[in-house]
Amino acid sequence: MSELPFGGAEIVAAVAGAERVLDAGCGSGRLTVELARGGAAVTGVDTNTAQLELAAQRADEASVSLALLEANFNEVLPFADATFDAVVSRLSVMAAADPVATLRELGRVLDPGGRLVTCLWASPAENPWFSGPREAIGAVLGAERAVFARAFGKLGDLEEAAATHRAAGLVDVDAVLLHGSRSAPDAASYWTELSAENGHFRRVEAVLSDDERAALLAELVERFAPYREARGLTLPRTMVLVTAKR
C-alpha cells in the first residue's frame with residue numbers, strides 16, 4: 001500500500017517516465033521511495049541526517065534502491081549541470097532562504113526540457129487542519145507559544161508561486177490547487193492524532209497542564225464548529241502544485 005503524503009500522487013504522475021529523479025528535501029523518503037518504485041533512479045537530498053536514515057530504512061523495507069545525500073539546496077548542490085531529467089520537491093521550497101535562488105539551483109541540475117515539480121501548502125486560511133490548532137494555541141496559551149512553522153503558506157498563492165518559478169528562469173510554468181481534507185470524530189480525537197504525528201504540536205502537548213489542555217480543547221471545539229458534520233469533523237487542506245520545465 002502506498003504511503004504517499006497529500007500531493008504525492010500528483011507529483012509522481014507529473015514526472016512519470018523520468019529516468020533520473022532528484023527529490024530535494026526528501027525527509028523520511030515517502031515520496032522518494034514511491035518514485036523509485038516507478039522505475040526511476042532516484043536521489044534524495046536533505047539536511048537532516050536522522051531523516052535520511054529513516055529514508056534508507058524505508059527504502060530497505062520497500063526493496064528499492066535510493067542514493068541519499070546530506071545536502072542543502074540553499075547552497076550549490078553537489079551535482080553537475082543537467083544531472084537529472086526530473087526534480088521534485090514537496091514542502092521544502094517554501095522554507096528556502098531565497099526561493100528564486102533555490103529554484104534556479106534546482107533548474108541547473110535539470111536537463112534542458114526536464115520537468116520540475118514543487119508542492120507547497122496554500123495559505124493558512126485554506127488549511128484549518130493546521131491553522132485552527134495553531135491559532136487556538138495562541139488564544140489559550142499566548143501568542144509566543146504559537147510562533148512556529150512560519151514558512152507555512154509561503155508561496156501559497158497561485159500567482160505568487162508561478163511568478164517565483166518564472167523568476168528562476170523556468171518555463172511552461174503551471175500552478176494549480178489541490179484540495180483534500182482530514183477527518184476526525186471530534187476535536188479531542190483530532191488533537192491527539194495531530195500532536196502524535198506533528199512535531200510542532202507534539203512539543204506543545206508535552207508541556208500542557210491538565211487545565212491548559214482542557215482550555216485548548218474547548219477552544220478547538222469552537223474553532224472547528226464550521227467543519228462539523230453528522231459523522232464528525234472534516235477539515236479542509238489545500239496545496240499548490242507547480243509544474244515547470246527548464
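The table below gives the values:
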read-out: Residue satisfying all of: in region 206-237; part of a strand (DSSP E or B) and in contact (Cβ under 8 Å) with a residue 40 or more places away in the chain; nearest to the chain's Cα centre (by Cα) among these; value: Arg237
read-out: Count - residues of region 112-128 that are within 16 Å of the chain's Cα centre (by Cα) and assigned to a strand (DSSP E or B); value: 6
read-out: Flag if Ala80 is within 26 Å of Asp174 (Cα to Cα) and either assigned to a helix (DSSP H, G or I) or not charged (D, E, K, R) (or both); value: no
read-out: Selection from region 185-205 of residues that are touching a residue at least 24 places away in the same chain (Cβ under 8 Å) and exposed (fewer than 12 other Cβ atoms within 10 Å of the Cβ); value: Pro185
read-out: Residue within region 92-111 that is among the hydroxyl-bearing types (Ser, Thr, Tyr), part of a loop (DSSP other than H, G, I, E, B), within 28 Å of Gly180 (Cα to Cα) and in contact (Cβ under 8 Å) with a residue 40 or more places away in the chain present; value: yes
read-out: Top-ranked residue of region 129-176 - restricted to ones that are under 22 Å from the mean Cα position of the chain (by Cα) and on the phi > 0 side of the Ramachandran plot, ranked as surrounded by the most Cβ atoms within 10 Å (Cβ to Cβ); value: Leu155
read-out: Of all residues making up region 28-56, the number that are assigned to a helix (DSSP H, G or I) and in contact with a Cys (Cβ under 7 Å, 6 or more places away or on another chain); value: 2
read-out: Near pairs, Cβ below 8 angstrom, 6+ apart or cross-chain, from region 142-162 (without any contact (Cβ under 8 Å) to a residue 60 or more places away in the chain and in a helix (DSSP H, G or I)) to any residue that is aliphatic (A, V, I, L, M) and crowded, with 18+ Cβ neighbours inside 10 Å; value: Arg145/Ile137; Arg145/Val204; Ala146/Ile137; Glu159/Ala175
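Per-residue answers, yes or no, for (1) touching a helix residue (DSSP H, G or I) at 6+ places or on another chain (Cβ under 6 Å); (2) exposed (fewer than 15 other Cβ atoms within 10 Å of the Cβ); (3) among the β-branched types (Val, Ile, Thr):
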site: Gln51; (1), (2), (3): no, no, no
site: Val76; (1), (2), (3): no, yes, yes
site: Asp81; (1), (2), (3): yes, yes, no
site: Val88; (1), (2), (3): yes, no, yes
site: Leu91; (1), (2), (3): no, no, no
site: Ala95; (1), (2), (3): no, no, no
site: Val100; (1), (2), (3): yes, no, yes
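Since every read-out is calculated from the coordinates, none of them should be taken as a lab result. Here the structure is a predicted model, which means the values were calculated and not measured. So basically every Cβ, Gly included, is an ideal-geometry build from the backbone, and we count neighbours across all protein chains shown.
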